[in-house]
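*Asks:* Attaching a single structure in structure tokens format; questions to follow.
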Amino acid sequence: MKTAILVFPGTNREHDMAAAVRSISGSDPMMVWHAETQIPDADLIILPGGFSYGDYLRSGAIAARSPIVADLLDKAKQGVRILGVCNGFQILTETGILPGALMRNAGLHFICKEALLRVERQDTIFTSAYKKNQVMRCPVAHHDGNYFADDETLAMLEDDGRVLFRYCDANGEITKDANINGSRNNIAGIMNARGTILGMMPHPENLIEDLHGGLDGRGLFESLLEKVA
Amino acid sequence: MKARITVTLKNGVLDPQGKAIEGALGALGFDGVDSVRQGKVIDIALADTDKDTAQTRLSDMCEKLLANTVIENYQIEIL
Amino acid sequence: MKARITVTLKNGVLDPQGKAIEGALGALGFDGVDSVRQGKVIDIALADTDKDTAQTRLSDMCEKLLANTVIENYQIEIL
Amino acid sequence: MIPTEIKITPELIASHGLKPEEYEHILELIGREPTFTEFGIFSAMWNEHCSYKSSKLWLRTLPTKGPRVLQGPGENAGVVDIDDGQTVVFKMESHNHPSYIEPYQGAATGVGGILRDVFTMGARPVAAMNALRFGMPDHERTRHVVSGVVAGVGGYGNCFGVPTVGGEVDFHPSYNGNCLVNAFAAGLADADKIFLSEAKGVGMPVVYLGAKTGRDGVGGATMASSEFDDDSAEKRPTVQVGDPFSEKRLMEATLELMTTGAVIAIQDMGAAGLTCSAVEMGAKGNLGIDLDLNKVPVREENMTPYEMMLSESQERMLMVLHPDKREAAEAVFRKWELDFAECGMTTDNLRFRVYHNGEKVADLPIKKLGDDAPEYDRPWIETPKPAKLDPATVPAPADLLESLVKMVGTPDLSSRRWVWEQYDTMIQGNTKQRPGGDAGVIRVDGTQKGLAFTVDVTPRYCKADPFEGGKQAVAESWRNLNVVGAEPLATTDNLNFGNPEKPEIMGQFVGCIKGLGQACEMLNMPIVSGNVSLYNETSGEAILPTPAIGAVGLLPDVDMAIGNGFVAEGDALILVGG
Ligand SMILES: Nc1ncnc2c1ncn2[C@@H]1O[C@H](COP(=O)(O)OP(=O)(O)O)[C@@H](O)[C@H]1O
């Protein structure tokens, strides 16, 4: 399994992501600089968290116009697996690879804490190591994680089962209180129609070893890296 | 040539910043504030001298970068 | 009554956002962009019917909340 | 020889924070009237902030050496050995005044400044803390200051990508008009890859890297410079705006550059950026420096030499590079899209010479700028010991539970979660103990070792008894490290006091220094870096004496770190100590 991690000026969670990939797959990911025009052959492309271009103008907006993105669009069409986390998710929406937009958190503050997510489906390449409706712990650290899509888009996402993670309470209920950032339908992560691309705000890569106080994030990488026991 | 681009949220798109300002104005005792929406202005100085080319280039800039047309409208004003 | 408040950075204050946008426009091939500065617009709907009171209240709002007068200027326009 | 554009009047001298006798001393030193630019350079070098003229004498009494100390005070940050050829590099610094004027940007640029101090040494920042002190919650400005400062600390640190692992928040009326923002940062570097500010070699290029120079913070001088001001309709703001995105690139570029072998000496530009950094590099290396201001990247038109030399624009570095590594260096600068320019050269004449538009605008003896800065033995009076409180005179609370609930609800004891949830506490994936414990703990990446961090001081103790209060701050930080299982290594301090020209205030300062010095000595926690912030007063009222102590400890095995939560029902509670 070959993994490529895209790095933009201002990306800052590429090492966390690389550590997760290494820990679970046993091999080092390739780091790909945004100014390249070609992403090396990889089975999985990851857009990690951070503040690409300072998140100036809009989060992910300037990164989404980087040279490397033309090839990212091609790879997306070809069906290469893509994971965008946090700023990576914002970049995926800004490129149009995923629908919707990520707006300022409803509370306006940056939020860094552990959230609870409900895993909506088990039958995807991203979640096969989890159970359907499992409640997983997952850290969040973002300022612009408030997912917005218009009614029509939202209905399509829901009808097609493309919502993979939602903010929930300890019982797995999708409540207003559990919705840490004001996202529509408590959405924390969505897929493309083919189920090959996932964008999510929370950081599974920051909950993968005992030091982090939990292992709930591992499942995502185990699913993707086909290492499910 | 100078231009001002105003980028505002589309109707129906929730505006957390606007809402927060509305709340804060209320808390400061300003009553009768019915709604607040926040947007951006981008002031650009261009080398262009022709108004029409400038206009075309500016709307191109908006479409390609300055506005996210999924949630935002834009308006160009040449000053 | 509707009003638009435009808040811009004072001259000489560093505008990292504007600078980043300028760089991005250049990278997208838009040449001749001499400078970019980013500001805010705040659109307010007020219950007031008298223009003068509205104007006074709005500048009060700007001073107290909407603009950071240490680094920003504001401009009020009643629509 | 050098045109003097502006007459130096007593008012100008006062507005630059210099005393008439200090100006006399300048005249003696150079044997003529300084040019306006030279005058600005002196005022920058000789102000309290740069010269430590009121505190130096006392700072020398602090214990700064130890078997693990590789670099004590005097560089951008202290360096402490953590075994296996690795070091932890750390420092704490205040940004009090700017944070009160413009809370968000003031706090943000404070964080930026301390991060720069750490990576300038060649260390990648791995942990941050912030000690914050605000006025009373019901004071009209407090809410604005608190929310701005916290958002600013977070806004900068989160974007830059360093986990915040601890801090303090206190409220007291003495901070109503003068908040305190003390930022701490720590980084990791290999012991043989530490970079210092001492220039070496004659004829070496002096290179400017980072953001362009603007008129930011050219403050004490607004009055004077307004005479040049074309659009004086708008008073020039002197607030510095932080750009964490530039800082992140500046760090990556700096660390990458260091691996190429190009860097001989490096110094970040903090307060009075170009002046202090250039003088320091030259003076330390016994070399002169020539600067050509026309080469300096500028953000605004028609900047005067005075303004450029005093600008406090953020996210800038000055370095002396190997001439034969020019290309490698340029490639790094270009990759990270940073402005850079070869703007000067080292010389063997021990002069600090500045040129602008082909004219020499300053020509000063470089060593004297620093070494001959005034130093004062300010009169001080010992703080009278408060009368002992007789416990019998204090009525016992009627209802203990009610009192407890009340205490838990006070501003000083309530939860700080609202604050630290706005900070990224787990980025880099090595955080073991996030804020909420006694000390923050991180793993040293790629090893089993852990580092623990805490920042402490109880200002009301220091007010009551500066000596005991100083000792207590050190003892508490020592205990905080101990209880998470760390061996205390060393400390950094941030000494925040009122006006040192008042003997009572100077007495507080002296008392605290003696106390914390003694405690550091006895507990084997040398002070390896620090910062002094004086004149924290509003309308003659000083803040509580606030000597914040930042301490760092080492854990051989990070997994052995102990948290402060109860683990299981039925566990025994044991009270240790007396
Ligand atoms: N400004 C801050 N930034 C980050 N963490 C903070 C801040 N203020 C307080 N904390 C954290 O909140 C917790 C409680 O703070 P405090 O009441 O000062 O603790 P203590 O009295 O045990 O030192 C500590 O873990 C501390 O590190």
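*Asks:* How shielded is A:133-144 by partner chains, expressed as the average number of their Cβ atoms within 10 Å of its Cβ atoms?
*Replies:* On the way: counts 0, 0, 0, 0, 0, 0, 6, 2, 8, 2, 7, 1.
Counting other chains' Cβ atoms within 10 Å and averaging over A:133-144 gives 2.
*Asks:* Going by the alpha-carbon gyration tensor, a ≥ b ≥ c the square roots of its eigenvalues, is the stretch C:2-78 rounded (a/c under 1.5) or, if a/c is not under 1.5, prolate (a/b greater than b/c) versus oblate? Numbers along the way, then the final one.
*Replies:* Numbers: a/c = 3.88, a/b = 2.29, b/c = 1.69.
The shape class here is prolate.
*Asks:* Give the shape of the protein assembly as shown as rounded, prolate or oblate, defined through the alpha-carbon gyration tensor: a ≥ b ≥ c are the square roots of its eigenvalues, a/c under 1.5 means rounded, and otherwise the shape is prolate if a/b is larger than b/c and oblate if not.
*Replies:* Details: a/c = 1.40, a/b = 1.18, b/c = 1.19.
Rounded.
*Asks:* Tell me which residues come under 5 Å, amide H to amide H, from A:Tyr147 once H is placed; ignore anything under 5 positions away on its chain.
*Replies:* Residues meeting the criterion, in which the H sits 1.01 Å from N, are A:Met103, A:Ser183, A:Arg184.
*Asks:* Looking at the square roots a ≥ b ≥ c of the eigenvalues of the Cα gyration tensor of the stretch D:319-412, which shape do they give, rounded for a/c under 1.5, prolate if a/b is larger than b/c, or oblate? Numbers along the way, then the final one.
*Replies:* Values: a/c = 5.32, a/b = 2.13, b/c = 2.49.
Because a/c hits 1.5 or more and a/b fails to exceed b/c, the stretch D:319-412 counts as oblate.
*Asks:* To the nearest 0.05, how large is the calculated FRET efficiency for D:Asp559 and D:Leu27 if R₀ is 60 Å and r is the Cβ-Cβ distance?
*Replies:* Numbers: r = 64 Å, r/R0 = 1.06.
Computed FRET efficiency for D:Asp559 and D:Leu27 comes out at 0.40.
*Asks:* Summing +1 for each Lys or Arg and -1 for each Asp or Glu, what net charge is found among the other residues whose Cβ lies under 10 Å from the Cβ of D:Pro163?
*Replies:* On the way: positive: D:Arg434; negative: D:Asp424.
Spelling it out: positives minus negatives among the neighbours equals 0.
*Asks:* Given a 1.4 angstrom probe, what's the average accessible area per residue across the protein assembly as shown, in square angstrom?
*Replies:* Values: 38150 Å² over 965 residues.
So the protein assembly as shown comes to 40 Å² accessible per residue, rounded to a whole number.
*Asks:* If you don't mind, another one. Full extension from D:Glu330 to D:Ile101: what is 0.36 nm times the residue separation minus their Cα-Cα distance, to one decimal in nm?
*Replies:* 78.6 nm
*Asks:* Using only alpha carbon pairs under 8 Å that are at least six residues apart, calculate the relative contact order of the stretch D:446-578 and give it in whole percent. Present the calculation step by step, with values, prior to reporting the outcome.
*Replies:* Details: 267 pairs, mean separation 52.7, N = 133.
Over the stretch D:446-578, the number comes to 40 percent.
*Asks:* Let me ask something else about it. May I ask which of A:Lys131/D:Lys432; D:Lys65/D:Lys360; A:Lys132/B:Lys40; D:Lys19/D:Lys284; D:Lys91/D:Lys368 have a Cα-Cα span longer than 32 Å here?
*Replies:* Values: A:Lys131/D:Lys432 28 Å; D:Lys65/D:Lys360 43 Å; A:Lys132/B:Lys40 42 Å; D:Lys19/D:Lys284 27 Å; D:Lys91/D:Lys368 27 Å.
Beyond 32 Å: D:Lys65/D:Lys360; A:Lys132/B:Lys40.
*Asks:* Sticking with this one: What relative contact order, as a whole-number percentage, does chain D give when Cα pairs under 8 Å and 6 or more residues apart are counted?
*Replies:* On the way: 1364 pairs, mean separation 108.4, N = 578.
Reported as a whole number, the value is 19 percent.
*Asks:* Follow-up question, since we're still on this one. How much net charge surrounds A:Leu154 when only other residues with a Cβ under 12 Å from its Cβ are counted (Lys, Arg +1; Asp, Glu -1)? Could you put the intermediate results ahead of the total?
*Replies:* Working: positive: A:Arg162, A:Arg184; negative: A:Asp150, A:Asp151, A:Glu152, A:Glu158, A:Asp159, A:Asp160.
Charge balance in the 12 Å sphere: -4.
*Asks:* Using the basic label-point model (7 angstrom from Cα toward the beta carbon), what is the D:Asp372 to D:Thr9 distance in nanometres?
*Replies:* Roughly 2.7 nm, to one decimal.
*Asks:* Extending each Cα 7 Å along its Cβ direction at A:Glu209 and D:Lys406, get the distance between those two points in nm, one decimal.
*Replies:* Using points 7 Å along Cα→Cβ, the separation is 4.9 nm.
*Asks:* Tell me the GluC sites (Glu not before Pro) within the stretch A:120-229 that lie in a loop according to DSSP and have at most 14 other beta-carbon atoms within 10 Å. If you can, show how the numbers build up before the last one.
*Replies:* Working: sites: A:Glu120, A:Glu152, A:Glu158, A:Glu173, A:Glu205, A:Glu209, A:Glu222, A:Glu226; in loops: A:Glu120, A:Glu173, A:Glu226.
Sites meeting the loop and neighbour criteria: A:Glu173, A:Glu226.
*Asks:* Let me ask you something else. Report the local net charge at D:Tyr355: Lys and Arg +1, Asp and Glu -1, summed over other residues whose C-beta lies under 10 Å from its C-beta. Intermediate results must be reported in sequence, preceding the final value.
*Replies:* Numbers: positive: D:Lys295, D:Arg353, D:Lys360; negative: D:Asp290, D:Asp292, D:Glu359, D:Asp363.
Neighbourhood net charge equals -1.
*Asks:* Continuing with this model, one more query. Just to check I understand the Karplus step: with θ = phi - 60° and J = 6.51 cos²θ - 1.76 cosθ + 1.60, what whole-Hz values come out for the stretch D:394-407, glycine and proline as x?
*Replies:* 9, x, 5, x, 5, 10, 5, 5, 4, 4, 4, 4, 5, 5
*Asks:* Count the DSSP beta bridges whose two residues both fall in the protein assembly as shown, then state the antiparallel fraction as a percent rounded to the nearest 5. Show your work: numbers first, answer last.
*Replies:* Numbers: 135 of 170 bridges.
Rounded to the nearest five, the antiparallel share is 80 percent.
*Asks:* Okay, next question. Using a label position 7 Å from Cα in the Cα→Cβ direction, what is the ascending list of nm distances from C:Asp34 to the same site in the other copies?
*Replies:* When each copy's label point is compared with this one, the spacings are 4.2 nm.
*Asks:* Pick out the long, greasy-scoring helices in chain A: whole DSSP H runs spanning 20 Å or more along their own axis by Cα, mean Kyte-Doolittle at least 1.6.
*Replies:* Details: long enough: none.
The qualifying helices: there are none.
*Asks:* Another question about this same structure. In nm, give the distance between the simple-model label positions of C:Leu28 and D:Ser147, each being 7 Å from the Cα along the Cα-to-Cβ direction.
*Replies:* Modelled inter-label distance: 3.3 nm.
*Asks:* Determine the percent antiparallel among the DSSP beta bridges restricted to chain D, to the nearest 5. List each step's numbers first, then the result.
*Replies:* On the way: 74 of 94 bridges.
The antiparallel proportion sits near 80 percent.
*Asks:* While we're looking at this one, here's another question. What percent do you get for the relative contact order of the stretch B:2-78 when only Cα pairs under 8 Å and 6+ apart count? Kindly include the intermediate steps, with their values, before the conclusion.
*Replies:* On the way: 90 pairs, mean separation 39.5, N = 77.
Worked out over the stretch B:2-78, it gives 51 percent.
*Asks:* Also, I was wondering about something else. Where in the stretch A:197-229 does the amide nitrogen come within less than 13 Å of the point 7 Å from the Cα of D:Asp445, taken along Cα to Cβ?
*Replies:* Flagged as within label range: none.
*Asks:* Follow-up question, since we're still on this one. Enter the buried accessible area of the B/C pair, total of both sides, probe 1.4 Å, in Å² rounded to the nearest 100. Let's see the in-between values first.
*Replies:* Details: alone 5610 and 5610 Å², together 8580 Å².
Rounded to the nearest hundred, the buried surface is 2600 Å².
*Asks:* GNM on chain A, C-alpha springs below 10 Å: top fluctuator among A:Gln38, A:Gln90, A:Gln78?
*Replies:* Looking only at A:Gln38, A:Gln90, A:Gln78, the largest GNM fluctuation is found for A:Gln78.
The values are calculated or read from the model by the stated rules, or taken from the named source; none is laboratory data. Nothing here was measured: the structure is a model prediction, and the numbers come from that model. So basically every Cβ, Gly included, is an ideal-geometry build from the backbone, and we count neighbours across all protein chains shown. In case anyone asks, the SASA skips ligands and DNA or RNA and just uses the protein heavy atoms, side chains included. Shrake-Rupley method; radii C 1.70, N 1.55, O 1.52, S 1.80 Å.
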